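Below is one structure, written out as structure tokens; the observations come after it.
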Amino acid sequence: MRRNEVWVGVVILLSVVIAVAGSFWLRGYRLTRGTTTVEALFSGVGQLPDGASVKLRGVTIGRVNGIAVEPDGTAVRVGLALNTDVQLPADAAVLIAPESMFGDWGAEIVSRSANPRLDFFEPSDPGVLPGFSIPDLSRLTATADQIAENLATITDRVEVAFTQETAENLRLVIENVGRVSEQVAELADAQIGAVEELVENVRTSTGEVQEAAALATRTLAEVERLLSGGVVDSIVGDTRVTAAEFRRLATDLRETTTGLSTTLQFADSTLVRFERIGRELETGEGTLAQLLADSTVAVQTQSALMQLTLLLEDFRENPGRYVRLSIF
Amino acid sequence: MAGKTLDFVGATGRAALRFAATVGEWGVLMQDTIRGLRAVRIWGKLVFEQMMRIGVASVPIALFIAAFTGIVLALQASYTFTGAVPVYLVGSLVGKTMIIELGPVLTGLALAGRVGASIAAELGTMRVTEQIDALETMAYDPAAYLVLPRVLAGAVMFPAVTLLASALGIVAGWLTAIQLLDMSTPEFVRGLETFFVPFDVVFSVIKSFSFGLAVTSLGCFFGFRTRGGAAGVGRAATSAVVASSMVILVFDAFWAAVLL
């Protein structure tokens, strides 16, 4: 029985010692080294657990020993159990950050002047260190993930809007704009030449107009002079007389033409009669035909008729040879 | 068809009632056991003997299981943690897993087979040979005399054995890491420290305490209700091991859900 009690006691005590000593050891407590507690204030501590390591220049010099929100709720007070044989920087501050991507957080004593960009919490008590907590890596990755999602959305929309057809249209638009630009340039060049020519023409026309104006001025002066000298009145009077003469001449010509027409009608009727007589003569009818039975008379008569016909035709064609008109 | 359905429903009902009756009988036995706490003179001198049999005698098998569990954990962790995962997490995995899960559960299951079956067989034999009846005849409280020392011994020794087993498992994992893997002791220790919190040890003690209570009380319960001679003793031992193992796993999930 006595031996049993000893063995049971050994097992129980050994297990308790292992559990307690192991826990203290894994939490970083060392019996051989003294510690002093330093406090720091943070606006937030992220996922820093109680007992996390505290490092100085990468060397573990202590452990987090207590995390509590301030009574007014504006800050978090963190106790740091540090080894007494470590000298902290004069402007020491505490930086809380993830030590890896696997959720283990730690605190590090840093020099505040070496980290001017960090917005350390300002404690009112000078004995308390200022602290700053670097945003959680998961928060940063979540933000990056959100940005990536937005970029993906934009890319999808661009992909939907910018199809092959759109690209082809854009290419055509660019080509068209190029062609239009070339044409505008050519048109501008051509217009510049035309404008230059137009300006030259205008210049020439202006000179001519000036000359015409001068001539017109002179002409008007001459006209004014003539008007003032009565020459025009004389010309107008002569013109009137000439017009009256022309009117009389026209009347005479109209009358002559009427008489000529009557003569021509008479000549026609005569010729008709001569033709009738000729047909009677050819047929041997009538007195004249019998008289002309003699061939001599007939030949002479026929000759006379031929000459008469020629005369009439010449008269038709050249009436002026036979009719003399005189105006003055 | 309707008859078969009724038979199935009836069988289910009978099983439920039988289970409820069994739980009730276990409750009555525990009530008697708690009542027997007053009889310190009866159980006080028996506790250390039971601690020796239940706890100290179980240390070798518990340490053996834990040592090889730690070795396998370290090897499998190094096999799994490749690429971007830092190697020091091998220490984290070995420590965390041994302390809060594999140490208590594997020790509990091992002791359920060893201790639970032993208690059920011992008490079952006493039942079928009417030794328990004789104790009652002599005005001895069987609960205080037989059950309470074993339950107390299990409640105390299970956590102790579990802590030793967990520690040895971590040591085995550490030795494996520095001997078989390309790791250093500081790396392994860093992994151990990184995710360790003292509550892990408390959690392990609470779990193993409940496992000790379950294994010993169920061993006593199935031994006390043994019927039918030697065959009944065998059935009692089997039932005790099966029920203890199931209760251990149920408690494991329960404590994880409640305490973590």
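The values are calculated or read from the model by the stated rules, or taken from the named source; none is laboratory data. What you see is a predicted model; the values in this text were computed from it and never measured. All Cβ positions, even for glycine, are placed from backbone atoms using ideal geometry, and neighbour counts span all protein chains on display. Side chains are part of the model used for accessible areas, which takes the heavy atoms of the whole protein and leaves out ligands, DNA and RNA. Shrake-Rupley method; radii C 1.70, N 1.55, O 1.52, S 1.80 Å.
When the range B:62-84 is examined, which residues are found to be within 21 Å of A:L26 (Cβ to Cβ) and either polar (S, T, N, Q) or open to solvent by 30 Å² or more (accessible area, probe 1.4 Å) (or both)? B:L63, B:T69, B:I71, B:S78, B:F81, listed by residue number. The C-beta contact set for the range A:41-53 (first residue under 15 Å from A:A93 (Cβ atoms) and assigned by TED's automatic domain parsing to the domain that holds A:G66, second residue in a strand (DSSP E or B) and basic (K, R), distance under 7 angstrom, 6+ apart or interchain) comprises A:L41/A:R77. Taking the criterion of being polar (S, T, N, Q), closer than 30 Å to A:D72 by Cβ and at the interface with another protein chain (Cβ under 8 Å from one of its Cβ atoms), the only residue of the range A:1-57 that qualifies is A:S53.
Name the residues in the range A:97-153 that are part of a helix (DSSP H, G or I), under 30 Å from B:R190 (Cα atoms) and open to solvent by 80 Å² or more (accessible area, probe 1.4 Å), would you?
Residues satisfying the conditions are A:R139, A:L140.
Against the numbered list (1) farther than 30 Å from B:V87 by Cα; (2) surrounded by fewer than 24 Cβ atoms within 10 Å (Cβ to Cβ), B:V151 comes up short only at (2).
Taken together, the criteria exclude B:G124 from residues that are of a type outside the set (A, V, I, L, M), open to solvent by less than 40 Å² (accessible area, probe 1.4 Å), in a helix (DSSP H, G or I) and touching a Phe, Trp or Tyr at 6+ places or on another chain (Cβ under 6 Å). Among the residues of the range B:122-133, not a single one is within 14 Å of another protein chain (Cβ to nearest Cβ) and over 14 Å from the mean Cα position of the chain (by Cα). Only one of the listed residues (B:V197, B:V201) is of a type outside the set (K, R) and either modelled with pLDDT under 90 or within 16 Å of the chain's Cα centre (by Cα) (or both). That residue is B:V197. Of all residues assigned to the range B:196-210, at least one qualifies as being more than 14 Å from chain A (Cβ to nearest Cβ) and either of a type in the set (G, A, S) or within 30 Å of B:L73 (Cα to Cα) (or both). Scanning the range B:197-210 turns up no residue that is farther than 22 Å from B:L259 by Cβ and open to solvent by 20 Å² or more (accessible area, probe 1.4 Å).
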